[in-house]
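Working notes for the structure below.
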Amino acid sequence: MRPHRAFVETIQPQLELTGREAHHLRDVLRAREGDRLTVFDGKGLEGRARVLQTEPGWVRLEVEETWPASKEPPQPITLYVALLKGDHLAEVARAATELGVSAIVPILTQHCVVRELSENKRLRLCRVVLEAAKQCERSIVPEVKPLLPLGQIPPVEQGFVAQPRVSALVQDYYNPEKPTALLTGPEGGLSESEVDFLLQRGFTPVTLGPRILRAETAPVVLLSLVTAAFGL
């Protein structure tokens, strides 16, 4: 069996996998007694487990050792991203998970074409994030929060909003020892009043370069500027 990472709610000496995880391990990867895999709880703990028993619909594991995660940024990074058309929000969530984001908050802004996020769509984003966390070997599974109107964003200790035609650079202001909030707008951009509101909430408008990026590209670039520049 090739190396596999299984998500569990809590790591205990013995675990029973059911549902998607059990199906993938038993029926797709053909796990057998004695095979080993990595388990993680999505909150920063990993472990090495051995398959004890497999039956249709479930797999029993024995955890042999555990260790804390060591691949996360020193402080949490929250991504506020405006609702996007099509499947672009899922694309952003997948890439943001790979880049180390801690939480994803879909936001509703003045120029959003899409105006709602159903619970089913939010749960689908949660599944996308979980699969991305497994693929990139993260130990933290980012939380996908319910839709939030931009006007309800709380004050932040350190925040950056992507904005065209400004000159400020992320690296001139970013402090990796502080929690960070990042925000990008929809296809139509943010209004002047929305940017003014974000300034009052602690966000600094920053440039992503001389070109106008697509709404689904901007959050990935902004997050990359934070994580890559400091090797997070």
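Binning the alpha carbon pair distances of region 28-152 at 5 angstrom intervals from zero yields the distribution 2, 10, 18, 17, 15, 12, 11, 7, 4, 2, 1, 0, expressed in whole percent. Of the DSSP H helices in the chain, those that are both long (alpha-carbon extent of 15 Å or more along the helix axis) and hydrophobic (Kyte-Doolittle mean at least 1.0) are 218-229. Solvent exposure of region 162-232, expressed per residue, is 51 Å² of accessible area, with all protein chains present and a 1.4 angstrom probe. Residue separation of residue 66 and residue 53 scaled by 0.36 nm, minus their Cα-Cα distance, works out to 2.6 nm of gained length. The heavy atoms of residue 134 present about 30 square angstrom of accessible area, all protein chains included, probe 1.4 Å.
Would you calculate a helix-derived [θ] at 222 nm for the chain, using -39,500 (n - 2.57) for each DSSP H run of n ≥ 4 and dividing by the full residue count, to the nearest 500? Could the numbers behind the result be given before it?
Details: 5 runs with 54 residues, N = 232.
The helix contribution divided over the chain gives -7000 deg cm²/dmol.
Projecting label points 7 angstrom from Cα along Cα→Cβ for residue 211 and residue 91 puts them 1.4 nm apart. Taking label points 7 Å from Cα along the Cα-to-Cβ direction, residue 126 and residue 110 give a separation of 3.4 nm.
Hey, what D do you get for region 1-67 in µm²/s if you plug the Kirkwood alpha-carbon radius into Stokes-Einstein at 20 °C and 1.002 mPa s?
Working: Rh = 11.4 Å.
So the translational diffusion coefficient is about 187 µm²/s.
Whole number please: convex hull volume per residue of the Cα set in region 120-164, in Å³? Could the numbers behind the result be given before it?
Working: hull volume 6.4 nm³, N = 45.
Convex hull of Cα atoms, per residue: 142 Å³.
Rolling a 1.4 Å probe over the heavy atoms of the protein chains gives region 1-144 an accessible area of 51 Å² per residue. Straightening the chain between residue 197 and residue 24 buys 57.7 nm, computed as 0.36 nm per residue apart minus the Cα-Cα spacing. On the beta carbon distance between residue 10 and residue 148, with R0 = 30 Å, the FRET formula returns roughly 0.55.
The label point for residue 168 and the one for residue 135, both projected 7 Å from the Cα toward the Cβ, are 3.4 nm apart.
In summary, the aspartates and glutamates within cross-link reach of residue 121, defined as a Cα separation below 12 angstrom excluding same-chain residues under 8 places away, comprise 87.
With a cut-off of 8 Å between alpha carbons and a minimum separation of six or more residues, what is the relative contact order of the chain in percent?
Details: 475 pairs, mean separation 45.5, N = 232.
Value for the chain: 20 percent.
At a 1.4 Å probe, what is the % contribution of carbon and sulfur to the accessible area of the chain? Within the chain, the accessible surface is 49 percent carbon and sulfur. Out of 70, 103, 59, whose Cα points farthest toward the positive end of the dipole of region 1-123 (charges: +1 Lys, Arg; -1 Asp, Glu; placed on Cβ)? Sorting the options by dipole projection puts first 103.
Given the peptides 73-81, 54-62, arrange them by the average over their residues of other C-beta atoms within 10 Å, most packed first. Show your work: numbers first, answer last.
Values: 73-81: 20.2, 54-62: 16.7.
Highest mean packing first, the order is 73-81, 54-62.
A compact globular protein would have a Cα radius of gyration near 2.2 N^0.38 Å; the ratio found for region 147-212 is 1.08. The separation of region 1-53 from region 129-164, counted between C-alpha centres, amounts to 27 Å. Largest first, the three principal axis extents of the alpha carbons in region 85-163 are 36, 31, 21 Å in whole numbers.
Classify the chain as rounded, prolate or oblate, taking a ≥ b ≥ c as the square roots of the eigenvalues of its Cα gyration tensor: rounded when a/c is under 1.5, otherwise prolate if a/b is larger than b/c and oblate if not.
On the way: a/c = 2.76, a/b = 2.01, b/c = 1.37.
Prolate is the answer for the chain, as a/c is 1.5 or above and a/b outweighs b/c.
The values are calculated or read from the model by the stated rules, or taken from the named source; none is laboratory data. Fair warning: this is a prediction, and the values are worked out from it, not measured in the lab. Because the Cβ atoms are built from the backbone with ideal geometry, glycine has one as well, and the counts that use them run over all protein chains shown. Accessible surface is based on the protein model in full, side chains and every heavy atom, while ligands, DNA and RNA are left aside. Shrake-Rupley method; radii C 1.70, N 1.55, O 1.52, S 1.80 Å.
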